[in-house]
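Structure first, then comments.
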Amino acid sequence: MIKLICSLGFLLFFAKVSSAQNCHCSDEFLFLKGFMEKNYVGFGDKVRPDTRLRYDSVSAEVGRRAVAETRPVFCLALLKGWLGFFRDDHNYITGSPEKPSASDAAEVVRINPKVLALLKGRRKGIEGVYHTADSAYKIVILKNTKNGRDYAGVILSSRVPAWKRGQVKLELKRVDARHFLAAAYLRNHNVDAENLIFDGESFSDDSWIREGAAPRRPRQQWPAVQARSISDKTFYIGIGSFDESNTVAVDSLFRADDSILRSTPNLILDIRGNGGGSDFVYDPILPWLYSNPIFAAGVSVRATDDNIKGWSALLDEKDIPESGKQYLRRIITQMQGYSGELREIAADQTVTLPEVRPFPEKVVLLINGDCASSAEQFILETMQSRKVTLMGQPTRGVLDYANVRVAAFPCLPLALNYATTRSRRVDMGKGIDNVGIKPEIVLTMDQDWILEARKFLEK
């Protein structure tokens, strides 16, 4: 459902008529804080007596900074930072408060050769030469206080034709010694607001790495689908995404390999890097892994006027079939008249499939920290099978609060995306948010995971 909601946020962004320069960051923050406290379904779980003091402290600090912040992109970074308190990837902000510049209109900062010579090889402080993990860009970060920033990251070299030497690729505003608000300019010169942490060698997620720092392990890219025989006993399938765009590819792969799956005793199903998408995408996989009834925890929705409005907006979506809209109308009816309450929209249930297929007999499901959302729902369902063994590393933990809905900010051309439903797993003490799903067999990054899975299956 998230994919659908993003399109709605896109429309909200372009339908909004405002001048970001005339917006007050403090007003945008007060809207965000009040809206989340009233409508976010996980608020009561995240802000408890033991976390209330920290929540109030974070809110006070962001509120103080918001009053003084006049740059829209840094305001957005503040809002994103505050939203991060909840540690829920189903809460996020879309849109951009500043218009992108054409590549030939990007800000240019003159690089003094003497200053550059001094900064090359520098190991202390934030100023110095940095590169991206793929070495597509090299910048020098210099003290520069123009446009409300403290530092500017200026292009030294670029493999991307749209970026030229001297253009500003990154703007930083210091929060404290390690934390920075950032305006990060993308390949197409659109600007993205970020909160970056500096560890002395690199910024968050190795987005920028200091020249001369120890080499980083490259982030692996996972194909949408892949399949091959590992041996006469073991078949391998990789599914890199449950995005709706991968629906046909997943279905076609399992249809094409039907005869192999029916005659091969072991299956390695690799979903590393799968950040989720839509549950229906994995429907063709379930019959091959099924061995016994599957329990699914119920779901409740937070009933508020804003949430009713968010759910009702989906009724105008052309891509939702009438059967889906009937389901939406039932949920909306269940919320009406119960403001502030949690309303059950799906009871606990046990799902039984028509048959247990003899092959594959044993399945290893490879998982890692990039598995999230619908991928985690798939894991929760299939790990109940006697056929399945989880191997790898814990998943990201982004599933307990879901069904994202959208609300427009009062002035900035932004859309707040937030979760409205809550799984009963939380009440059962089986919530996975910020914890993830743990594998039965832990693998390290130095191991060959596919080889380890094969050895386990064929022993």
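The values are calculated or read from the model by the stated rules, or taken from the named source; none is laboratory data. Note that the structure is a prediction, hence the values are computed from the model and not measured. Glycine gets a Cβ as well: all are built from the backbone with ideal geometry, and neighbour counts include every protein chain shown. Quick note on the areas: whole protein, heavy atoms, side chains included, nothing else; ligands and nucleic acids left out. Shrake-Rupley method; radii C 1.70, N 1.55, O 1.52, S 1.80 Å.
Quick notes on this structure:
- Within straight-line reach of K455, meaning a Cα separation under 19 Å, sit the following aspartates and glutamates at least 8 residues removed in sequence or on another chain: D232, D270, E361, E440, D446.
- Candidate residues W222, W208: accessible-area rank, largest first, probe 1.4 Å: W222, W208
- Against the criterion of solvent-accessible heavy-atom surface with a 1.4 angstrom probe, M445, M428, M36 sort, most first, into M445, M428, M36.
- Cβ-Cβ distance of S259 and K430, R₀ of 30 Å, FRET efficiency by 1/(1 + (r/R0)^6): the value works out to about 0.20.
- Of all aspartates and glutamates in the structure, the ones whose alpha carbon falls short of 13 Å from that of K143, not counting any fewer than 8 places away in one chain, are E127, E171.
- Other residues within the sphere of radius under 15 Å centred on the Cβ of G392, judged by their own Cβ, net out at -2 (K and R +1, D and E -1).
- Rounded, prolate or oblate (a/c below 1.5 giving rounded, otherwise prolate when a/b exceeds b/c) for the chain by Cα gyration tensor: oblate
- Note on the chain: dipole from Cβ charges, positive end direction compared against L79, A249, N39; the farthest Cα belongs to L79.
- Rg(Cα)/(2.2 N^0.38 Å) for the stretch 55-146, N = residue count: 1.43
- Two-decimal log10 I(q)/I(0) for the stretch 230-295, as the Debye equation yields it once each C-alpha is a single scatterer, q = 0.23, 0.25, 0.29 Å⁻¹: -1.10, -1.22, -1.36
- Distant-in-sequence amide contacts of D270, defined by a placed amide H-H separation under 5 Å and a gap of 5 or more residues or a different chain, comprise I237, G238, I239, L366.
- Proximal aspartates and glutamates relative to K38, as straight alpha-carbon distance under 15 Å, when same-chain residues fewer than 8 apart are discounted: D305, D306, E341
- Ligands, DNA and RNA excluded, the heavy atoms of R165 present near 150 Å² of accessible surface to a 1.4 Å solvent probe.
- A crude spin-label estimate for the pair I450 and T350, with each label 7 Å from Cα along the Cβ direction, gives 3.9 nm.
- Residues whose placed amide H lies under 5 Å from that of R386, excluding near-sequence neighbours: S291, N292
- Each label was represented as a point 7 Å from its Cα along the Cα-to-Cβ direction; for A214 and S323 these points are 5.4 nm apart.
- For A346, distant residues with modelled amide H under 5 Å away: V299
- 3J(HN,Hα) from dihedral phi, the stretch 131-144, Karplus parametrisation 6.51/-1.76/1.60, rounded to Hz, x for glycine, proline: 9, 6, 4, 8, 6, 5, 10, 10, 10, 10, 8, 10, 5, 7
- Computed extension length for D251-Q334: 26.4 nm, one decimal, from 0.36 nm per residue of separation with the Cα-Cα distance subtracted.
- 11 Å cut-off, amide nitrogen to a point 7 angstrom out along R174 Cα→Cβ, residues in the stretch 128-152: 143-144, 150-151
- L53 accessible area, assembled protein chains, probe 1.4 Å, Å²: 140
- Over 18 Å (Cα to Cα) - which of K80/K146; K80/K173; K362/K430; K99/K164; K114/K173 fall in this group: K80/K146; K362/K430; K99/K164; K114/K173
- Burial ranking of peptide ranges 156-164, 265-273, 241-249 (average Cβ count within 10 Å, highest at the top): 265-273, 241-249, 156-164
- Taking R255, R65 and ordering them by how much accessible surface each has at a 1.4 Å probe, largest first, produces R255, R65.
- Summary of the geometry: the stretch 336-406 and the stretch 28-53, compared by the centres of their Cα atoms, lie 26 Å apart.
- The charge dipole of the chain, taken about the Cα centre with unit charges on the Cβ atoms of Lys, Arg (+1) and Asp, Glu (-1), comes to about 1500 debye, rounded to the nearest 20.
- Residue-wise HN-Hα coupling along the stretch 156-168, computed from phi with Karplus coefficients 6.51, -1.76, 1.60 (Hz; x: Gly, Pro): 9, 8, 8, 7, 9, x, 6, 10, 10, 4, x, 7, 7
- The heavy atoms of S423 present about 10 square angstrom of accessible area, all protein chains included, probe 1.4 Å.
- The stretch 395-459: Rg to Rh, with Rh as the Kirkwood radius over Cα pairs: 1.24
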